[in-house]
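The values are calculated or read from the model by the stated rules, or taken from the named source; none is laboratory data. Every value quoted in this text rests on a predicted model; they were computed, and no experiment measured them. Here the Cβ is made from the backbone with ideal geometry for all residues, glycine too, and neighbour counts use every protein chain on show. Areas reflect the complete protein model, heavy atoms only, side chains present, ligands, DNA and RNA absent. Shrake-Rupley method; radii C 1.70, N 1.55, O 1.52, S 1.80 Å.
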Amino acid sequence: MSGISSLQMSREEKAAGEAARLLYICDFPPSNLAGGTILVSRLLQDYPSDQITVLASSRYSRVSPQEGRLACDHIAFPTTRGWGRWGLGRVKNAIDWLMVPVLVLFCARIIRRRRIQLMLSVVHDRFFIAAAIASWLTSVPLVLIVHDDWIHRQQRTIPSLKPAFTILFRFAIRRAAHIYSVSAGMQELVRDICERESELQLPAIAPFAAEEMADVTPPDLVKKPVSILYAGGIVENAETLIRLIQKSSLEHYGVPTCSLDLYLPLTKAQFLKMGWAHDLINFRGWVSNMELRRALCRADILFLPASFAKEEAAVVIAGFPTKTADYMASGRPILVFGPEYSSLVRYARQYEFAEVVTEPGDDALAKGLRAIVSSPTRRAELVSRAFSVLSANHDIFKQRREFRRRAAELALTQGS
């Protein structure tokens, strides 16, 4: 027994001190673009650049910003733009699917030439499927990260192809040596569909620097008008807040005049077309991560909605907004607005780091805002709880250490 224990300790020590040669294969490269890209960018930010290769699609490599890119070799596999009029988009997507076997062979070639010990992918579009097949062919372990991207993709798939997509998803999950799920809801989904257990890995972030927190207003003060900030994708119930501000309805609920800063991936023309323009609604567009962090620290309230729409239920149950960790780190009170079944709502209720509103409509949202604005004690309590939860569950340094250890252990297992 002592010999086995010594061997195990030797393996653990070796794993802790080495970084496995890693191939990240996914449709998108890690960057500051959206949820999945940000997750991986933060996770691999301090991974040795000479030990990692990124293999991504030419489509997403073109549109992904340089901010958040890893300082390592990037290889762009040729793909179409994936869209077009008069059915051309479907033709292009069909071509990309037909190229998956070529991608598998290309991936296997990189594995052999670069002596790759481990693959990492995000369940997104097609590249994770190629990664699973390449893992099967080469016996190189595969680590998969599962978040709500794959649910969005499945919903947009032609109905007749959805069963095939589910089969491919199940194959990839069962082939994976290790699985990370972005929420408890996603863990349940992976368990139900694939009969596999996965490790919970919530969105994480490093604490904000002192200079970033310099503009943070003490919890007992709010500006006039009260500054609310929302950053992320378009969520349909965000319109509830916009309507309350546009119609000056909040004052009827005892809430002072509020302004809203929107950090959305839209053009100015798209924003105006949505009919959201107003003197108290400021469209900020999509900005750098540093600029967004400073803006978060200056706001009075951070708005975090999850859709009430029935057609979005699957995403809401299993998804988890990456920006939640950024919100927590900013030292500002958070208001979560979404249905009871939302993974985000369940998490916020469990850890009590946000004011939670689960009923759609003007009345419920206005009362939630009033609970924050009218009580300095409540604001301070929410901020304190958010810092505690951030430290316990969203520590990017801890996630990096544990991932590197896991990666090295899997590489050693593959090499033994």
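Among the helices (runs of 4 or more DSSP H) confined to segment 261-331, the ones with at least 1 residues that are surrounded by 16 or more Cβ atoms within 10 Å (Cβ to Cβ) and more than 20 Å from the chain's Cα centre (by Cα) are located at 268-273, 289-298.
Residue-level analysis places TYR47 outside the set of residues that are under 21 Å from ILE133 (Cβ atoms) and aromatic (Phe, Trp, Tyr).
For the condition out of contact with any Phe, Trp or Tyr (no Cβ under 6 Å at 6 or more places or on another chain), at pLDDT 95 or above and exposed (fewer than 15 other Cβ atoms within 10 Å of the Cβ), LEU88 does not qualify. Is it the case that segment 350-357 has a residue that's under 15 Å from LEU229 (Cα atoms) and open to solvent by less than 10 Å² (accessible area, probe 1.4 Å)? Looking through segment 350-357, at least one residue is under 15 Å from LEU229 (Cα atoms) and open to solvent by less than 10 Å² (accessible area, probe 1.4 Å). The residues in segment 176-189 that are part of a helix (DSSP H, G or I) and either touching a strand residue (DSSP E or B) at 6+ places or on another chain (Cβ under 6 Å) or without any contact (Cβ under 8 Å) to a residue 12 or more places away in the chain (or both) can be counted, and the count is 2. Among helices (runs of 4 or more DSSP H) entirely within segment 28-124, having at least 1 residues that are in contact with a Pro (Cβ under 8 Å, 6 or more places away or on another chain) singles out 35-43, 58-63.
In segment 106-117, the residues that are over 15 Å from ALA132 (Cα atoms) reach residues that are open to solvent by less than 100 Å² (accessible area, probe 1.4 Å) with C-beta atoms within less than 9 angstrom, at least six apart or across chains, in these pairs: ARG112/THR138; ARG114/ARG21; ARG114/LEU23; ARG114/THR53; ARG114/ASP73; ARG115/ARG21. Scanning segment 393-416 for residues that are assigned to a helix (DSSP H, G or I) and either open to solvent by less than 60 Å² (accessible area, probe 1.4 Å) or more than 25 Å from TYR47 (Cα to Cα) (or both) turns up ASN393, ILE396, GLN399, ARG400, PHE403, ALA407, ALA408, GLU409, LEU410, ALA411, LEU412. Is it the case that segment 238-255 has a residue that's in a loop (DSSP other than H, G, I, E, B), in contact (Cβ under 8 Å) with a residue 12 or more places away in the chain and closer than 30 Å to SER64 by Cα? The answer is no, given that none of the residues of segment 238-255 is in a loop (DSSP other than H, G, I, E, B), in contact (Cβ under 8 Å) with a residue 12 or more places away in the chain and closer than 30 Å to SER64 by Cα. Output yes when any residue across segment 342-356 is at pLDDT 90 or above, part of a strand (DSSP E or B), closer than 14 Å to LEU241 by Cβ and of a type in the set (Val, Ile, Thr), and no when none is. No.
Restricting PHE127, PHE106 to those that are among the aromatic types (Phe, Trp, Tyr), at pLDDT 95 or above and within 29 Å of ARG405 (Cα to Cα) reduces the list to PHE106. The number of residues in segment 26-78 being without any contact (Cβ under 8 Å) to a residue 40 or more places away in the chain, over 24 Å from LEU105 (Cβ atoms) and in contact with a strand residue (DSSP E or B) (Cβ under 6 Å, 6 or more places away or on another chain) comes to 0.
Of all residues in segment 24-40, those being in contact with a Gly (Cβ under 6 Å, 6 or more places away or on another chain) and either open to solvent by 10 Å² or more (accessible area, probe 1.4 Å) or hydrophobic (A, V, I, L, M, F, W, C) (or both) number 1.
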